[in-house]
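Heads up: the structure comes next, in structure tokens.
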Amino acid sequence: MLLKISHYVISIIVFIIAMYSLITKDFKYQSLMIFSLGLLMLVLGLKEFQQERKSIGWLSIITCIFILFVSIQGFLLS
């Protein structure tokens, strides 16, 4: 239940930041959006583990680690 709520909340955050960036052509929050996408991949990976789909879960966790690494670099470079 908590993963489902987290999934919806993070998805809404990513959607709002993406729409703001597209409408205003202001991409200063792109690192925050990428960080939120990394958290979303983590939640999706945990949900896959709960549903006994471990290969997709591991793929999501590895993707999460990569995305979080990229977003941290974005925070440090900007």
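Here is how the numbers come out for the structure above:
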item: Average Cα contact separation per residue, the chain, under 8 Å, 6 or more apart, as relative contact order %; result: 31
item: Cα-centred dipole magnitude for the chain, charges only on beta-carbon of K, R (+1) and D, E (-1), debye, nearest 20; result: 60
item: Stretchable slack from Phe27 to Leu59, in nm (0.36 nm times residue separation minus alpha-carbon distance); result: 8.7 nm
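Values in this text are rule-based calculations from the coordinates and carry no lab data. What you are looking at is a predicted structure, and each value in this text was computed from that prediction instead of being measured. Please note: Cβ atoms are built from the backbone with ideal geometry, for glycine as well, and neighbour counts cover all protein chains shown.
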